[in-house]
Amino acid sequence: MFNTGFKSKWMLLFIVTMLAALVVAGCGGGASDTGAKDQEPGAETALKGTLTTAGSTSVQPLSEEFAQAFMAKYPGTNVMVQGGGSSQGVKAANEGVADFGASSRNLKDEEKAYGLTEVVVCLDGIAVVVHPENKFVEDLSIEDVCKVFAGEITNWKELGGPDSKIMAVTREAGSGTRGAFEEMVMGKDAKISDTAIVQPSNGGVHQAVAGDKNAIGYLSMGYLDDKVKTVKVDGVEATVDNIKAGTYKISRPFIYMYKGEASPLLQAFMDYCLSDEGQAIVAKHYITVN
Amino acid sequence: MRRKIEWLIEKSLLLSAIAGILIVMLIAVFTFLEGFPFLAKYGVTNFITGKVWGPSYGEFGILSMIIGSFYVTVGALIIGVPIAVACAIFLAEMAPQRLARLFRPIIELLAGIPTVVYGFFGLIVIVGFIKAHFNVPGFSVLAASLMLAIMILPTVINISEDAIRAVPKHYKEGSLALGATHWQTIRYVILPCARSGLISAIFLGMGRAIGETMAVIMVAGNTALIPGSVLDPVRTLTINIALEMGYAYGDHSSSLFATGIVLFVLIICLNALVMRLKRRVTD
């Protein structure tokens, strides 16, 4: 008798715990929901409320830094940053799914037709990189880079190196970095070869190039370090100054865009990004626009 | 009171069972809803037999990935299963109690390592090894298979060992009493009796290998071409989804869900095949 009572008590406890967990989970969701939308009346007007953004994963780390600094400066505001990719960002801004979208490439013609307001918040260079032990390649013409990635040049000896096969490393289809690289290096006619190794992130490309003497790849400037060697393109080094001056060709803007009139909160955020304070955040990894 | 509690327990168990089934159904329905319109538009045959994958210019052929998944999985089984079964025989039949007690938790630990860690290991050690010895980039079918072979070890070993241990003791005693050696007993009595369990073990390992994503993405090279040799890079169905989902939209995104459908159907077929095989073996 005692035994069954004991067991069922445990079972009861178990069920009660489960129910409690459910209730707590439910409340948790509710609480955060109201928290995000609550707007305290009476306080300083304008800068309260929530902004959402979606788009390029290249821009995402920068957006998150902007958001944190902005929220710290204006308590009561909430900026939620999501990824999704540049194309998603444009779509989200156009359809109003997010308050503003982020793109790490210039808008395509059909995207320009949406009539979105574009704000360029910074510039990023895409550097062509090889293994540090690769001593024979210092400078490549943009045509040669194109031919290497198109699979027309497949051996380092064609570029003045030893007789070994080139391992080209690229990003996956849809990537903003790949999109920008295709637009600026490959042009309209050439395609990145199917035989190139595909890595899912800048970090992956970095890892692959750093680990293979015959590798060549392209990286966002934020990822450059001494584990990979940066190659000059058309005789120009990938530096902040050269990109600002427009002499280094492979660069792209990070763009925020929104549809129609900006709300006061959105306007404040855009102003913040372009302010000295905002651009100081940019300067840590990328190239300022002013 | 007691009856009420009984009733409550019974119903809550039923509810849990339904929840499990419901989740499978939901995932299936969701995948199909997202991917089916694309399949209808592009054509199932075009999709499955197309050799070119170029979402940015409207080519969606996943033949290379179906073949890629097949190669990588078969490779993993060829390398992993003999080792795993041998290990299970050793643990169940030969190892002294104390040694087996030491080995088992270590093997189980293998199952607890996060897949990204496997991937990182594969990237540095396996890819590096192949690169150094074969003078190729190293991202390859072989690298993926080797790594998956390691990853399926705990699953296959554990279930095989259970199957071998489940063989009634008097079979073994009878065989030994007839003068058979220990190895002959294992080979002709124990393994044949355990084969149903062994098939389950191999199949579960295969399921793990076919579904693994994160680890293979780091060592496979991910080119959407049919590999010509085990040293060529490869892209599997799971890699395709994980690799491109982040940036895809429109048709590209739907095509990835359609890839998911193909994977889903493939696994259901394999499941059915193994069920049938198992029934034939046990009959």
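A few comments on the model shown:
- When B:ARG98 is tested against the conditions (1) loosely packed, with under 15 Cβ neighbours inside 10 Å; (2) touching a Pro at 6+ places or on another chain (Cβ under 9 Å); (3) charged (D, E, K, R), the lone failure is (2).
- Of all the listed residues (B:ALA201, B:ALA272), the sole one being assigned to a helix (DSSP H, G or I), open to solvent by less than 50 Å² (accessible area, probe 1.4 Å), among the small types (Gly, Ala, Ser) and away from chain A (no Cβ under 13 Å) is B:ALA201.
- Residue within segment A:53-63 that is at pLDDT below 55 and open to solvent by less than 80 Å² (accessible area, probe 1.4 Å) present: no
- Whenever a residue of segment B:108-120 is more than 14 Å from B:LEU153 (Cα to Cα), its partners that are open to solvent by 70 Å² or more (accessible area, probe 1.4 Å) and part of a helix (DSSP H, G or I), lying with C-beta atoms within less than 9 angstrom and at least six residues away or across chains, give the pairs B:PRO114/B:MET214; B:VAL116/B:MET214; B:GLY119/B:MET214.
- Complete set of residues in segment A:244-271 that are farther than 22 Å from A:VAL205 by Cα and hydrophobic (A, V, I, L, M, F, W, C): A:ALA245, A:ILE255, A:MET257, A:ALA262, A:LEU265, A:LEU266, A:ALA268, A:PHE269, A:MET270
- Picking from residues in segment A:261-272 that are surrounded by fewer than 16 Cβ atoms within 10 Å (Cβ to Cβ) and in contact (Cβ under 8 Å) with a residue 12 or more places away in the chain, the one that is nearest to A:GLY176 (Cα to Cα) is A:SER263.
- Residue check, A:LYS112 within 12 Å of chain B (Cβ to nearest Cβ), over 29 Å from B:PHE139 (Cα atoms) and not hydrophobic (A, V, I, L, M, F, W, C): no
- Residue match in segment B:72-93 (condition: open to solvent by less than 30 Å² (accessible area, probe 1.4 Å) and without any contact (Cβ under 8 Å) to a residue 60 or more places away in the chain): no
The rows are residues; the columns are (1) of a type in the set (S, T, N, Q); (2) open to solvent by 30 Å² or more (accessible area, probe 1.4 Å); (3) out of contact with any Ser or Thr (no Cβ under 9 Å at 6 or more places or on another chain).
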{"site": "B:GLY197", "(1), (2), (3)": "no, no, no"}
{"site": "B:GLY207", "(1), (2), (3)": "no, yes, no"}
{"site": "B:ILE210", "(1), (2), (3)": "no, no, no"}
{"site": "B:THR223", "(1), (2), (3)": "yes, no, no"}
{"site": "B:LEU231", "(1), (2), (3)": "no, yes, no"}
{"site": "B:TYR247", "(1), (2), (3)": "no, no, no"}
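- Qualifying residues in segment A:203-244 (those that are surrounded by fewer than 21 Cβ atoms within 10 Å (Cβ to Cβ) and in contact with a helix residue (DSSP H, G or I) (Cβ under 6 Å, 6 or more places away or on another chain)) - the one farthest from A:PRO162 (Cα to Cα): A:GLY222
- Residues being open to solvent by less than 20 Å² (accessible area, probe 1.4 Å) and closer than 22 Å to A:HIS206 by Cβ - total across segment A:132-156: 7
- Residue check, B:MET65 assigned to a helix (DSSP H, G or I) and within 13 Å of another protein chain (Cβ to nearest Cβ): yes
- Residue within segment B:171-178 that is of a type in the set (Phe, Trp, Tyr), in contact with a helix residue (DSSP H, G or I) (Cβ under 7 Å, 6 or more places away or on another chain) and either surrounded by 22 or more Cβ atoms within 10 Å (Cβ to Cβ) or over 19 Å from B:LEU91 (Cβ atoms) (or both) present: no
- Within segment B:110-117, one or more residues are within 13 Å of another protein chain (Cβ to nearest Cβ), under 23 Å from the mean Cα position of the chain (by Cα) and either open to solvent by less than 80 Å² (accessible area, probe 1.4 Å) or under 18 Å from B:ILE152 (Cα atoms) (or both).
- With respect to (1) within 16 Å of A:ASP212 (Cβ to Cβ); (2) open to solvent by less than 30 Å² (accessible area, probe 1.4 Å), the lone exception for B:VAL136 is condition (2).
- Of the residues making up segment A:276-290, just one is of a type in the set (S, T, N, Q) and in a helix (DSSP H, G or I), namely A:GLN279.
- Subset of segment A:154-202 that is away from chain B (no Cβ under 11 Å) and polar (S, T, N, Q) - its residue that is farthest from A:GLU138 (Cα to Cα): A:ASN202
- Per-region count, segment B:242-252, residues without any contact (Cβ under 8 Å) to a residue 40 or more places away in the chain and either more than 11 Å from chain A (Cβ to nearest Cβ) or of a type in the set (Gly, Ala, Ser) (or both): 3
- Test: residue in segment B:121-136 that is closer than 25 Å to A:GLY203 by Cα, touching a helix residue (DSSP H, G or I) at 6+ places or on another chain (Cβ under 9 Å), within 14 Å of another protein chain (Cβ to nearest Cβ) and not in a helix (DSSP H, G or I): yes
- Residues (outside any helix (DSSP H, G or I) and open to solvent by 50 Å² or more (accessible area, probe 1.4 Å)) located in segment A:79-114: A:MET80, A:GLN82, A:GLY96, A:VAL97, A:ASP99, A:ASN106, A:LYS108, A:ALA113, A:TYR114
- Output for segment A:209-258, where each listed residue is within 18 Å of the chain's Cα centre (by Cα), within 29 Å of B:PRO137 (Cβ to Cβ) and in contact (Cβ under 8 Å) with a residue 60 or more places away in the chain: A:GLY217, A:TYR218, A:LEU219, A:SER220, A:MET221, A:GLY222, A:LEU224, A:ILE250, A:SER251, A:ARG252
The values are calculated or read from the model by the stated rules, or taken from the named source; none is laboratory data. Nothing here was measured: the structure is a model prediction, and the numbers come from that model. Backbone-built Cβ (ideal geometry, glycine too); neighbour counts: all protein chains shown. Ligands, DNA and RNA are excluded from the accessible area calculation, which covers all protein heavy atoms including side chains. Shrake-Rupley method; radii C 1.70, N 1.55, O 1.52, S 1.80 Å.
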